[in-house]
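Below you'll find the structure, written out as structure tokens, and then a few comments.
The values are calculated or read from the model by the stated rules, or taken from the named source; none is laboratory data. As the structure is a prediction and not an experimental result, all values here were calculated from the model. Cβ placement follows ideal geometry from the backbone for every residue including glycine, while neighbour counts extend to all protein chains displayed. These area figures cover heavy atoms from the full protein model, side chains too; ligands, DNA and RNA do not enter into them. Shrake-Rupley method; radii C 1.70, N 1.55, O 1.52, S 1.80 Å.
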Amino acid sequence: MLAKSVIDDVLEAALSTGGDFSEVFVENRYSNQLALQGGQVEKSLSGREFGIGIRIFKDFQSVYTYTTDDSREGLIKAAKKAAQAIKGEHILQPTSLERQAIESLHPILLHPREVEKKRKVDVMKKTYELAKNYHSSIEQVSIRLFDDEQNVLIANSEGTFVEDQRIRSRLSIQSIASDGIQMQTGGYSPGAFKGFEFFENLNLEHYAFEASRMAVTMLGAEHCPSGKYPVIIDNEFGGVIFHEACGHGLEATSVAKNNSVFANRIGEKVASNLVTYIDDGTLANEWGSITIDDEGERARKNVLIENGILTGYLIDKFNSRRMGMTSTGSGRRQSYRFAPTSRMTNTYIAPGQSTNEEIISNTERGIYAKYMGGGQVNPATGDYNFSVMEAYLVENGKIRKPLRGATLIGNGPETIQLVDMVGKHLGHGAGMCGSESGSIPVNVGQPMIRVSEMTVGGRMGEE
């Protein structure tokens, strides 16, 4: 992607004013997006992005710039211009670059760029027909197909020289049901670190039916009551609450600046004894997986909370300086336009000992959140509110009538203390996570869990 001799010169130019670390990140990216509405393809976008990011450290100062000019002269000019932000003498010389051969943890069988567009459209049309014909009340179905190939080269003044290829595929289904008076929406968006084989092996019927079933079910749902209830949150995307309200608080981005309720609390009890919280970028072919991070560090399994005790953080190279701790392979970025910082990959609550049936039958009266929607969180405090796409009332240990308009309101560090049952069946849900270094693919996950008390918002009011 870029000659080693050119990178050598750029790394040295970046250190010319006294920097003590320099890095080059080269990205060559291809992406395709297809959108189908009303059974017809309405949008087809293909694109290529190429650029180079240059980063320099001096103690606790970090400078970042990027360019699309890959000529030796252009890169050296960009590096020297960035280096002017650092005041000092050129003392350090880059360590000789040594190419690292890495084997991808996530094998690709069918490269998306080698698959003709018709095969992708066929997948979308089949999914559309399944979702549209699920029920007569389904009025509209939208299908989106996305595939992305990101090739990166990462080199730094410590001698790192490594290349990687990341290929991801995702299908998004949205169904709208109507009874002539009101409309309700259901959706599902599975994704993986895979090529076109992901779509060929995907259970299209399951995901299409679930999207439409959700919309149809909510059409006949009553408004949710408000108040404090035990809340059962199902697996897969149910983990989004803890991703937002706890996971971000465990990233060095906030911990290093003491902007997190979890800062300086290693070894303290921060969660229920039933909670073990893990970030694992090595899970084979999962949507949020990586082989190396965007700083060239190998992906790893980081146990953040073990049996309720805080055991670690997610740390990138720069924040490792501030914290006096080593990188955990968590430096990620959307593209060359962003400097990397600590981010999650596949973050989940580990399986427990309860069956789903035990969790439900042991709940006298509560709310069952089957599918979570979006929400908002204050990363400094962990305060959150999330909508529930599909909710039910639980009475006398049984799932009863569907409820709509439910919201869950609370504080992440407090909620994680109130988890009193954890199921056995771990599931992951694919999503996009936005933060300082842009939008990146992540998985959220958990088995079914029960929180002994949460504040539930709903239009029916308190009972």
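Would you check if there is a residue in the range 113-131 being charged (D, E, K, R) and within 30 Å of Ala299 (Cα to Cα)? Let's see the steps before the verdict.
If we filter the range 113-131 for residues that are charged (D, E, K, R), which is where we start, we get 113-114, 116-120, 122, 125-126, 129.
With within 30 Å of Ala299 (Cα to Cα) added as a condition, the list becomes 113-114.
Among the residues of the range 113-131, at least one is charged (D, E, K, R) and within 30 Å of Ala299 (Cα to Cα), which makes the answer yes.
Take the conditions more than 33 Å from the chain's Cα centre (by Cα), open to solvent by less than 50 Å² (accessible area, probe 1.4 Å) and touching a residue at least 40 places away in the same chain (Cβ under 8 Å) and apply them to Ile54. Does it pass? Break it down into steps so the answer makes sense when it comes.
On the way: more than 33 Å from the chain's Cα centre (by Cα): no; open to solvent by less than 50 Å² (accessible area, probe 1.4 Å): yes; touching a residue at least 40 places away in the same chain (Cβ under 8 Å): yes.
No; evaluated as a whole, the condition is false for this residue.
Has the range 293-311 got at least one residue that is of a type in the set (S, T, N, Q) and open to solvent by less than 10 Å² (accessible area, probe 1.4 Å)? Reasoning before the result, please.
Within the range 293-311, the subset of a type in the set (S, T, N, Q) is 302, 307, 311.
Right, trim to open to solvent by less than 10 Å² (accessible area, probe 1.4 Å) and you get none.
Within the range 293-311, none of the residues are of a type in the set (S, T, N, Q) and open to solvent by less than 10 Å² (accessible area, probe 1.4 Å).
Give the range 360-386 a look and list any residue that's modelled with pLDDT of 95 or more and of a type in the set (S, T, N, Q), or say none.
Correct list: Ser361, Asn362, Thr363.
Would you mind finding the one in His248, His243, His206 that is touching a residue at least 60 places away in the same chain (Cβ under 8 Å), closer than 30 Å to Ile399 by Cα and not in a strand (DSSP E or B)? Write out each step before concluding.
Numbers: His248 fails: closer than 30 Å to Ile399 by Cα; His206 fails: touching a residue at least 60 places away in the same chain (Cβ under 8 Å).
Exactly one of His248, His243, His206 is touching a residue at least 60 places away in the same chain (Cβ under 8 Å), closer than 30 Å to Ile399 by Cα and not in a strand (DSSP E or B), namely His243.
Kindly indicate the residue of the range 371-397 that is outside any strand (DSSP E or B) and open to solvent by 30 Å² or more (accessible area, probe 1.4 Å) and also farthest from Ala263 (Cα to Cα) among those meeting that condition. Step through it out loud before you land on a result.
Residues of the range 371-397 outside any strand (DSSP E or B): 378-382, 396-397.
Filter once more, so that each one left must be open to solvent by 30 Å² or more (accessible area, probe 1.4 Å): 378-381, 396.
Working: Asn378: 15, Pro379: 12, Ala380: 10, Thr381: 12, Asn396: 41 Å.
This residue is Asn396.
Which residues, counting only those in the range 20-39, are more than 19 Å from Phe338 (Cβ to Cβ) and at pLDDT 95 or above? First the steps, then the outcome.
At the first step, the residues of the range 20-39 found to be more than 19 Å from Phe338 (Cβ to Cβ) are 20, 32-39.
Listed by number, the residues that qualify are Asp20, Asn32, Gln33, Leu34, Ala35, Leu36.
Tally time: how many residues in the range 411-421 are surrounded by fewer than 22 Cβ atoms within 10 Å (Cβ to Cβ) and either at pLDDT 95 or above or of a type in the set (Gly, Ala, Ser) (or both)? So that I can check it myself, show each step before the final result.
First, pick out the residues of the range 411-421 that are surrounded by fewer than 22 Cβ atoms within 10 Å (Cβ to Cβ): 411, 413-414, 417-418, 420.
Checking the rest, the ones that are also either at pLDDT 95 or above or of a type in the set (Gly, Ala, Ser) (or both) come to 417-418, 420.
So the count comes out to 3.
Test of understanding: among Thr253, Thr217, which residue is of a type in the set (S, T, N, Q), more than 21 Å from Ala391 (Cβ to Cβ) and not in a loop (DSSP other than H, G, I, E, B)? I'd like the intermediate steps shown before the answer.
Details: Thr217 fails: more than 21 Å from Ala391 (Cβ to Cβ).
Only one candidate qualifies: Thr253.
Is it true that Glu286 is surrounded by fewer than 23 Cβ atoms within 10 Å (Cβ to Cβ) and charged (D, E, K, R)? Lay out the reasoning, then the answer.
On the way: surrounded by fewer than 23 Cβ atoms within 10 Å (Cβ to Cβ): no; charged (D, E, K, R): yes.
Answer is no for this residue.
Go through (1) open to solvent by 60 Å² or more (accessible area, probe 1.4 Å); (2) within 22 Å of the chain's Cα centre (by Cα) and name the single condition Lys424 misses.
(2)
For the range 212-233, check the following and say yes or no: at least one residue is in contact (Cβ under 8 Å) with a residue 60 or more places away in the chain, over 24 Å from Gly458 (Cα atoms) and either open to solvent by less than 20 Å² (accessible area, probe 1.4 Å) or not hydrophobic (A, V, I, L, M, F, W, C) (or both). Outline the logic, then answer.
At the first step, the residues of the range 212-233 found to be in contact (Cβ under 8 Å) with a residue 60 or more places away in the chain are 212-233.
From what's left, over 24 Å from Gly458 (Cα atoms): none.
No - not one qualifying residue is present in the range 212-233.
I need a count of the residues in the range 144-201 that are in a loop (DSSP other than H, G, I, E, B), surrounded by 19 or more Cβ atoms within 10 Å (Cβ to Cβ) and not small (Gly, Ala, Ser). Working first, answer last.
Residues of the range 144-201 that are in a loop (DSSP other than H, G, I, E, B), as a first pass: 157-159, 179-182, 189-190, 193-196.
After this cut, where a residue has to be surrounded by 19 or more Cβ atoms within 10 Å (Cβ to Cβ) as well, the list is 157, 189-190, 193-196.
In the following step, the residues that additionally are not small (Gly, Ala, Ser) were identified as 190, 193-194, 196.
Of the residues in that region, 4 qualify.
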